[in-house]
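Everything below concerns the one structure shown next.
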Amino acid sequence: MTARSGSLMDMTDEQLMEAVGQGNQVALGQLFDRHHASVFRQCLGLVGNRQDAEDLVQDVFLRVWRYAGSYNGTAAVTTWMYRLVRNACLDHLQRGARLRAVDLDATAHETSRSAVTPDPILDSTHNAAGLLERLLCGLSYDQREIIVLNRYMDMEYPEIAAALGITVNAARVRLHRALQELRTRYEEVTA
């Protein structure tokens, strides 16, 4: 398939995957342009480290290139891609990379010492986002994964079920339990 890069912009993800499967590197570039930010957020949510997430984005798109022929169109490209994200992140974690433990008290103390002219709104937003990120890192991989899919990626239960290969009811139960655990950890830290 030969396509001008201008016409690639008008192609659906499924059409781009077909082109990638036929060896079209420009189509892969178009998929990268469309989805690299989303893949990065997924990786960051799953591994909890910005540098590792950036490296994993590259790995995911290499896997898209390598496994494009296995895409059969039965699921959305984003669902298929998420399986690659999940596998890349699991491989990364199994290779020995560990989430960096963060001492919440030390981080809070350091943040309060380093502020020169505090802006209460910015500080509370920054601290809340950082706290949420640290709390997510403290959850099990499965708990983080389902929260990332639902809250970060706005996936509905059927999409989550398809991405994880579980039933819709299992997706509901897992998300409920993961959010409960996150809430419990939040209450412990903020009490």
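The values are calculated or read from the model by the stated rules, or taken from the named source; none is laboratory data. Small disclaimer: the values here were computed from a predicted structure and weren't measured. Positions of Cβ are backbone-derived with ideal geometry, glycine not excepted, and every protein chain shown enters the neighbour counts. The protein model used for the area step is the full one, side chains on, heavy atoms only, and it has no ligands, DNA or RNA in it. Shrake-Rupley method; radii C 1.70, N 1.55, O 1.52, S 1.80 Å.
Among the residues of the stretch 2-12, is any among the polar types (S, T, N, Q) and either within 18 Å of the chain's Cα centre (by Cα) or under 23 Å from GLY130 (Cα atoms) (or both)? So far as the stretch 2-12 goes, no, none of its residues is among the polar types (S, T, N, Q) and either within 18 Å of the chain's Cα centre (by Cα) or under 23 Å from GLY130 (Cα atoms) (or both).
Exactly one residue out of ARG144, ARG134 is charged (D, E, K, R), surrounded by 18 or more Cβ atoms within 10 Å (Cβ to Cβ) and at pLDDT 85 or above, and it is ARG144. Candidates GLY73, GLY29: the one that is open to solvent by less than 80 Å² (accessible area, probe 1.4 Å) and part of a loop (DSSP other than H, G, I, E, B) is GLY73. One residue stands out among those in the stretch 160-175 that are of a type in the set (Gly, Ala, Ser) and open to solvent by less than 60 Å² (accessible area, probe 1.4 Å): the one that is nearest to the chain's Cα centre (by Cα), which is ALA163. TYR157 passes every criterion in (1) over 12 Å from the mean Cα position of the chain (by Cα); (2) at pLDDT below 90; (3) within 18 Å of ALA76 (Cα to Cα) apart from (2).
Count of the stretch 1-26 residues, restricted to those that are part of a helix (DSSP H, G or I), aliphatic (A, V, I, L, M) and open to solvent by 10 Å² or more (accessible area, probe 1.4 Å), is 1.
Close Cβ contacts (under 9 Å, 6 or more residues apart or on different chains) running from residues in the stretch 53-73 that are closer than 14 Å to GLN42 by Cβ to residues that are of a type in the set (Asp, Glu) and exposed (fewer than 15 other Cβ atoms within 10 Å of the Cβ) comprise ASP59/ASP91. For the stretch 176-191, a tally of residues being surrounded by 13 or more Cβ atoms within 10 Å (Cβ to Cβ) and out of contact with any Asp or Glu (no Cβ under 8 Å at 6 or more places or on another chain) returns 7. Quick one: is ASP55 over 22 Å from ILE146 (Cβ atoms) and outside any helix (DSSP H, G or I)? Here the answer is no, as ASP55 does not meet what is asked.
Kindly indicate whether ALA129 is among the hydrophobic types (A, V, I, L, M, F, W, C), at pLDDT below 70 and open to solvent by 30 Å² or more (accessible area, probe 1.4 Å). Answer is yes for this residue.
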